[in-house]
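Okay, so here's the structure we're looking at.
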Amino acid sequence: MLLTGVVISSKLFAQTPDTTAMSKSYVQPFSGSDNFRTWSIGLNGGILTPYTILRGKENDYRTPNERWGYGGYIKKQILHSLGLQADFFRGHVQGTTPADATYAYNKFETKIKYAVDISANITIANINWLHNKSLLQPYVTVGGGSMAYSTSLYNSVSSSQNPNARSNDYHQFYIPVGAGLKVGLAPGINLDLGYQVNFVQSDNVDGYTYGNSNDKFAYAHAGLEFALGKRSKPQLARHNPVSSMRTEYLMSERALQMQLEQQKGQNDQLRNDLNTTNANLARLTTDSDGDGVLDIADKCPNTPAGTKVDGSGCALPTPVAPVRVYVTEEDRKVVKEAIRNLEFDLGKATIREHSFESLDRVAELLVNKNFSLKLAGHTDNTGSAELNLRLSKDRAESVKSYLVSKGANPSRIEATGYGQTQPIASNKTAAGRQQNRRVEFTLF
């Protein structure tokens, strides 16, 4: 995989691209609500009528008329299937032909100046077993609030101006009960189709007290709902938790497959080594003089015990006096170029051939200026901790081995793997995991 370098002072980071973002709507199971968009606003318009699907035996006016109304709401989604919303609407309710033929007025028109309430919005189903996101969301609502209205009464059905009587403004408690269907049009945008019956705790909404039941009226509406927050986050009401759990399973399965492929590669390498001659096998694994350089690369065999040697196994000259090492900007550019070109086989610690030229310049820099270099491998938390620790260590050791083979002093190169133990960003997001998969280079 390709490693790209980022310079911070004298440290460089090599990062691998994110391979775990399998779905834009994926959120790690059992994550907090801050990973979703939970606030939304809605605007709607529709028809107000005194006729409802719950029409009782007695109605003050026999002939309902349809008039326009409009409203809006702001909603906070608490759970996948439960939200609390503050609603507002206004409009006109009208009817003709009183139930009592002796009543003096043949028509009423009630102006709803405002109606505000707090209601619970319960999503009946938000899991689509065929798709990652729910397209259709049926819901029911119930709440309570206050409304202000005044009623005008007319002697004639055809009258539209100059009412014969008008009531004072009323303020009454009402109970809205509704049902509807939301259709996902785009991420964060839903078509909202709803029907609501409003039970007013009074019998004077139509200006006429008749029978023994309170008045009620219906509001059938259509509108749009807009989710608030970052577009990168899914809307909680439309999120499919079952799909996220499936994605989590597939990610774990993919990490296990990578582990198996890595083990297969190690087995193949071991099989090739066993096919070599016994003499070459011994040279590949033996350090006869114990100077830290294998016999196959030792140009000065049989050095006395305790002698400090260079990358080729030859004794280092005794320093006259300690020399302070300064890392220049040109030195950083050499290392930065090497890291930019550094590339490993997928899931392995094998360096690809086109990376050698840049690493040769780093080796030359270490030999000529006697620099020290620390290599630190890191991963995200995808896969097992044991696998991540091994892969980070193997890659750091692979770079060290190559530099030593080009003459660098092995005692001045430290290769360490930390696995997933030192994240620099959150592993809950794709961007954070990408930052955590890195190799740090410290030149000093």
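The values are calculated or read from the model by the stated rules, or taken from the named source; none is laboratory data. Small disclaimer: the values here were computed from a predicted structure and weren't measured. Neighbour counts are summed over all protein chains in view; Cβ atoms, including those assigned to glycine, are modelled from backbone coordinates with ideal geometry. Keep in mind that these areas ignore ligands, DNA and RNA; they rest on the heavy atoms of the full protein, side chains included. Shrake-Rupley method; radii C 1.70, N 1.55, O 1.52, S 1.80 Å.
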Take Lys400 and decide whether it is in contact with a helix residue (DSSP H, G or I) (Cβ under 8 Å, 6 or more places away or on another chain) and at pLDDT 85 or above.
-> yes
Here, helices (runs of 4 or more DSSP H) confined to the stretch 311-426 with at least 2 residues that are surrounded by 14 or more Cβ atoms within 10 Å (Cβ to Cβ) and among the hydroxyl-bearing types (Ser, Thr, Tyr) are 385-405
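Matching residues to (1) open to solvent by less than 60 Å² (accessible area, probe 1.4 Å); (2) farther than 21 Å from Asp206 by Cβ:
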{"site": "Gly95", "(1), (2)": "yes, no"}
{"site": "Ala104", "(1), (2)": "no, no"}
{"site": "Lys107", "(1), (2)": "yes, no"}
{"site": "Tyr114", "(1), (2)": "no, no"}
{"site": "Ile122", "(1), (2)": "no, yes"}
Sole residue being among the charged types (D, E, K, R) and over 20 Å from Gly265 (Cα atoms), chosen from Arg390, Arg438, Arg395, Arg352 | Arg438
For Glu261: the one exception among (1) modelled with pLDDT of 75 or more; (2) more than 39 Å from the chain's Cα centre (by Cα); (3) among the acidic types (Asp, Glu) = (2)
Can you run down the residue pairs with Cβ atoms below 7 Å, 6 or more apart or on separate chains, where the first is in the stretch 233-255 and over 18 Å from Gly383 (Cβ atoms) and surrounded by 17 or more Cβ atoms within 10 Å (Cβ to Cβ) and the partner is aliphatic (A, V, I, L, M) and at pLDDT below 70?
-> Asn240/Ile127
In the stretch 231-258, residue modelled with the highest pLDDT [restricted to those that are among the charged types (D, E, K, R) and out of contact with any strand residue (DSSP E or B) (no Cβ under 7 Å at 6 or more places or on another chain)] = Arg231
Has the stretch 50-60 got at least one residue that is in contact (Cβ under 8 Å) with a residue 40 or more places away in the chain, β-branched (Val, Ile, Thr) and surrounded by 16 or more Cβ atoms within 10 Å (Cβ to Cβ)?
-> yes
What number of residues within the stretch 144-178 satisfy the criterion of being touching a Leu at 6+ places or on another chain (Cβ under 9 Å) and either at pLDDT below 95 or not hydrophobic (A, V, I, L, M, F, W, C) (or both)?
-> 5
